[in-house]
Structure formats: structure tokens, C-alpha cells
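The values are calculated or read from the model by the stated rules, or taken from the named source; none is laboratory data. Keep in mind that this is a model prediction, so the values were computed, not measured. FYI the Cβ positions are ideal-geometry reconstructions off the backbone, even for glycines, and counts take in every protein chain you see. What goes into the accessible areas is simple: the full protein's heavy atoms, side chains included, and nothing from ligands, DNA or RNA. Shrake-Rupley method; radii C 1.70, N 1.55, O 1.52, S 1.80 Å.
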Amino acid sequence: EVLLYTLTLNPAIDRLLYLNEKLERRKSNRITEVSYDIGGKGTHASYVMSKLGVKNLALGFAGSQNIDKFKQILSEKNMEHDFTIIDGRTTRECYIMIEPEQVSAGSIMLTEKGFHVEEADIKRLFDRIKARVKAEDMVLIAGSLPTNFTIDNLRQLLRILKEIGCFIACDLSGEAIKLAVKMKVDFIKPNEFELKQLKASHESLFDTVKRLNQDIDYVVTSLGEKGSYCGYDRKIYRVIPPKVKEVNDTGAGDCFVGAFLAGLANQLSIEEIVKLASGCAASKVMNKDSSTFDVKTAMELKQQVKITQL
Ligand code: TA6
């Protein structure tokens with residue numbers, strides 16, 4: 001049986017701040033409600049997988065100082081996890097400001113940079129991965145890296161996974177995504193900005209997806225209003241998601257990735273996978289916090305996703 005692992009190296013506790021009006025400078029902006037959610041991209045993907053009934057385990061680092069709060073959120077979300085606890089450190093908080101939907105142009109995210117990890121902590125995590133992950137499994141590495149987790153550390157991690165021979169998915173940015181491309185992982189999800197960083201000067205973004213797809217089986221990217229593109233098996237699919245009432249867009253991309261990998265683990269066709277992922281992400285943006293989506297709504301929205309092969 002395939003087991004999915006998500007690896008969130010720099011997780012967060014999201015503090016959701018709901019405002020009663022549009023955020024304005026030089027003014028007291030009143031918060032009407034505060035709530036907490038799990039943060040960090042791999043954890044969100046795990047939540048989606050669990051809700052879709054796909055067996056998975058959330059791995060990564062977590063600070064000992066606020067571990068109870070962190071674990072409480074994970075258990076409220078019915079997520080299985082085995083985080084490597086870093087003694088004396090605190091898992092970061094990310095602040096998500098959500099304006100009323102009538103005036104909002106998208107949520108505002110303020111993200112702490114996160115804790116420092118020692119070489120010994122990194123080794124403990126890597127040993128845990130070596131002991132658990134098997135060749136038939138799938139591993140998603142998602143989100144930012146702790147400040148002192150270097151590109152060399154990431155290279156070591158990718159080498160370990162390559163040696164195991166599992167499916168490697170990466171939702172990374174900057175130098176990290178460049179390395180993932182160089183090491184020919186199996187799945188990447190660059191956003192438009194990241195795709196521009198990966199593009200050669202003379203290339204169109206579309207040609208970049210095509211080129212990346214020669215070495216990377218799945219290249220999924222969102223190009224804003226143009227919808228998203230999914231490159232698989234030398235074919236590029238354009239995906240138009242259903243229109244929904246947006247309440248909070250935070251975490252929609254993470255939700256897409258989690259559902260996409262869940263679909264892959266369940267051996268769905270590429271069209272079904274893309275529809276499932278778009279349906280789940282569309283349901284996510286209708287929800288207030290940064291992870292929640294509704295399976296039933298997602299299944300309805302899935303039917304409205306439009307896919308064309310380019
Ligand atoms: O994508 C949403 C989210 O996972 C939030 O929950 C927030 O914690 C943030 O992204 C973290 O992103 P980062 O790139 O800093 O790891």
C-alpha cells in the first residue's frame with residue numbers, strides 16, 4: 001500500500017485575524033474575531049489527504065515551546081503526525097488578515113521566519129525518514145525552509161529520497177525549487193513568479209512548462225487569470241476552476257497539491273486528478289480559515305472544472 005508523507009520543515013500556527021472593514025493605514029483596524037489553524041504547506045496537504053481518506057503521515061520539525069498548541073490543532077483536524085521536536089524552540093506564528101468579502105482583494109499574510117534548527121535536529125529528521133519511507137511511497141516537501149536549513153541540507157534530503165526511490169513532490173520556491181528541478185523530482189508546483197525565475201530569457205512561460213516537463217513528470221502551475229496549467233506525459237492541460245464566492249484564498253494552493261497527490265495515490269486519471277484538486281481548492285477559498293474545505297462541495301465543484309488539452 002502506498003503511503004503519503006508530507007514534510008513541513010518550517011510549519012506554523014496560523015493566527016487568523018478577521019477585520020470588520022477594509023484594512024487601512026493610520027487607523028485603528030478593529031479585529032472582530034481571532035482563530036487558529038494549522039499553517040505551513042505540507043500540513044495543509046496532509047489535512048486534505050486525510051479528509052479524502054488517503055493514508056498519510058505529516059512529518060517535519062516542530063518547536064517544543066508551543067508543541068501542545070501545535071498538536072492540539074493537528075488532532076482537532078484528525079491528522080496523523082510524527083514531528084521531530086526541537087528542544088527550546090517555538091513553532092512560528094503566521095498572521096493572516098481577512099477583510100470582509102465585499103471589500104477584500106485577497107487575504108494578507110504576515111509570516112514569521114521560523115526557528116533555527118541544529119545539525120543534530122536535521123540528522124534526527126533524516127534518520128526518521130530513512131527508517132520510514134519505502135520505495136513505493138510518495139513524499140511531499142512543501143513550504144519555506146528554516147532559516148539555517150541550507151540548500152546543501154535540501155540536497156542531502158533529496159538524495160536520501162532518491163536513494164529510497166520514492167515519488168518526490170516539491171512545493172518550494174527560490175533556490176530550493178531550482179534545486180528540485182535540477183535533481184529531477186517527480187512533481188513541482190511553481191506559481192507564476194517562481195515559473196518566471198525558472199524560465200530562460202527567450203522562452204515563453206508555456207514553453208518553460210513544456211521544457212520542465214521533459215524531466216519532471218508533473219508540472220503544475222497557476223498563471224492567475226489564465227487559469228492553471230498542468231504538464232503531464234508531454235501534454236499540457238489548461239485548467240479553468242469553477243467560479244465561487246471567495247472568503248479566504250490562503251492555503252488554496254496547498255489544498256490543490258494535497259488533493260492532487262491523493263488522486264495520484266488513488267491512481268485516478270490525470271483529468272480526474274486535476275478536477276479533484278481544483279474542486280477541493282475552490283471549496284477551500286469559500287471557507288474562513290486556512291485549511292478547511294468541504295468534501296461534498298468539492299465533489300460538486302469538481303464537475304464544473306473545465307480542462308482542455310493544449
Ligand atoms: O499557503 C498558506 C500557508 O501555508 C499559511 O498557512 C502560512 O503559514 C504560510 O503559507 C507559510 O508559508 P511559507 O512559505 O512561509 O512556509
**OP:** Kindly list, by first and then second residue, each pair from a residue in the stretch 83-101 that is within 25 Å of residue 248 (Cβ to Cβ) to a residue that is more than 16 Å from the ligand (Cβ to nearest atom) and not in a loop (DSSP other than H, G, I, E, B), limited to pairs with Cβ atoms under 7 Å and residues at least 6 apart or on different chains.
**Re:** 97/19; 98/19; 99/19
**OP:** Considering each residue of the stretch 74-92, count those that are outside any loop (DSSP other than H, G, I, E, B) and either open to solvent by 30 Å² or more (accessible area, probe 1.4 Å) or out of contact with any strand residue (DSSP E or B) (no Cβ under 9 Å at 6 or more places or on another chain) (or both), and give that number.
**Re:** 4
Original post:
Within the stretch 97-118, is there a residue that is outside any loop (DSSP other than H, G, I, E, B), open to solvent by 40 Å² or more (accessible area, probe 1.4 Å), polar (S, T, N, Q) and out of contact with any His (no Cβ under 7 Å at 6 or more places or on another chain)?
Top reply: yes
Original post:
Considering only residues of the stretch 245-259 that are in a loop (DSSP other than H, G, I, E, B) and within 11 Å of the ligand (Cβ to nearest atom), which is farthest from residue 219 (Cα to Cα)?
Top reply: 248
**OP:** Working only within the stretch 38-57, note down all residues that are out of contact with any Leu (no Cβ under 6 Å at 6 or more places or on another chain) and within 13 Å of the ligand (Cβ to nearest atom).
**Re:** 38, 39, 40, 41, 43, 44, 46, 47, 48
**OP:** Could you tell me whether residue 151 is farther than 28 Å from residue 274 by Cβ and touching a helix residue (DSSP H, G or I) at 6+ places or on another chain (Cβ under 6 Å)?
**Re:** yes
Original post:
Which of the residues that make up the stretch 131-154 are outside any loop (DSSP other than H, G, I, E, B), touching a residue at least 60 places away in the same chain (Cβ under 8 Å) and out of contact with any Cys (no Cβ under 9 Å at 6 or more places or on another chain)?
Top reply: 132
